[in-house]
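I have placed the structure first, in the form of structure tokens, so that the comments after it can refer back to it.
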Amino acid sequence: MCKTNERPEGRVLLWSIHRSLSTAFHRCVLQNSAIETVQEPMHEAIWFGPEGAADLREQHGLTERPESTFNNIKLRLEALPSPVFVKDMPGYLVGQDLDLVIPDTFQHTFMIRHPARVARSYLKAYNITDTDTPEVNAAGGVSWTISQTYRVYQHIKDKMGVKPIVIDASDFQDDPQALLQTYCDAVGLPYDDKMLHWQPGPVDKWVQSPMWLPKPGLMEPWYKAVFASCEPICTPHWQQDTIESIMETLPDALKVVVKEQEAAYYEMAEGRLMPSDTQHDQ
């Protein structure tokens with residue numbers, strides 16, 4: 001990855017923390033037909049690539065695809081025409097040389113969420129999909145997703161010589177339209193009011209992708225709310241639960257992890273893009 005202070009206009013990669021409403025954010029962008037969108041392409045390398053999880057392939061009866069390497073996916077993304085919006089998860093890049101797998105020619109942005117809110121969402125999700133050990137799985141998930149996102153954030157900041165644009169899930173909930181428009185203006189993507197409304201139902205482009213096909217039964221619970229929606233949910237800040245009230249509801253294992261991850265969250269959140277911003281501070 002070359003070091004540059006330039007931000008490519010209209011070529012955007014949103015790296016997101018799990019349970020950060022990033023799929024809902026992507027659902028909005030998907031409504032603008034002028035923008036090419038890609039959902040979690042690095043997932044392909046995990047499921048099919050030689051660097052991925054062989055045990056998962058064996059468990060689900062999948063065949064390895066030699067071409068599904070992280071680097072090949074990087075090259076594919078770099079070849080996409082502008083404007084393009086890619087949403088992906090830093091957690092997929094564990095153990096990878098980030099210089100070899102993070103696409104050039106993109107402006108790298110991040111969507112974060114306070115770890116207490118992530119923890120509550122994880123706990124709710126695992127209560128649905130794994131009732132045996134929800135606390136353990138949620139604690140591990142929160143620690144993993146925030147620490148790996150911070151790792152990629154630091155790498156891009158150091159290598160690119162620019163502080164990446166960061167948005168927060170709570171600000172998105174507070175005013176979806178304002179944050180969407182501000183984000184699009186900041187990264188050079190065309191904004192359209194169509195981004196705020198859609199027909200409920202599965203997104204064909206997602207359910208037919210390498211991300212989805214290996215395990216549709218496992219993916220559906222994570223996308224259920226987005227597929228049932230017709231617009232981004234608006235919850236003003238004053239109506240959102242406070243961090244203190246959320247912490248009171250969390251098991252001890254999750255409280256410990258939240259405290260451990262707060263420093264990374266607050267560092268990334270400092271100077272984040274707000275709906276009223278016209279230019280991001282570098």
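Can you name every residue in segment 7-50 that is of a type in the set (A, V, I, L, M) and over 16 Å from Met111 (Cβ atoms)? Ala34, Ile35, Ala45, Ile46 - these are the residues of segment 7-50 that are of a type in the set (A, V, I, L, M) and over 16 Å from Met111 (Cβ atoms). Taking the numbered list (1) open to solvent by less than 10 Å² (accessible area, probe 1.4 Å); (2) within 30 Å of Asp174 (Cα to Cα) in turn, Ile102 passes all entries but (2). Residues in segment 41-64 that are farther than 22 Å from Val86 by Cα and not β-branched (Val, Ile, Thr): how many? Adding up the residues that qualify gives 12. Please verify whether segment 20-39 includes one or more residues that are out of contact with any His (no Cβ under 6 Å at 6 or more places or on another chain), charged (D, E, K, R) and within 21 Å of Gln148 (Cα to Cα). No, segment 20-39 has no match at all. Residue count for segment 236-254 under the criterion of being in contact (Cβ under 8 Å) with a residue 12 or more places away in the chain and farther than 22 Å from Gln173 by Cβ: the result is 2. Listed by position, the helices (runs of 4 or more DSSP H) inside segment 199-282 whose residues that are modelled with pLDDT of 90 or more and surrounded by fewer than 13 Cβ atoms within 10 Å (Cβ to Cβ) number at least 1 are 243-249, 252-269. Is it the case that segment 143-153 has a residue that's modelled with pLDDT under 80 and hydroxyl-bearing (Ser, Thr, Tyr)? Yes, there is a match, as at least one residue in segment 143-153 is modelled with pLDDT under 80 and hydroxyl-bearing (Ser, Thr, Tyr).
The values are calculated or read from the model by the stated rules, or taken from the named source; none is laboratory data. These figures come from a predicted structure and were not determined experimentally. With ideal geometry, Cβ positions are generated from the backbone for all residues, glycine too; neighbour counts draw on all protein chains shown. Just so you know, the surface numbers come from the protein's heavy atoms only, side chains and all, with ligands and any DNA or RNA stripped out. Shrake-Rupley method; radii C 1.70, N 1.55, O 1.52, S 1.80 Å.
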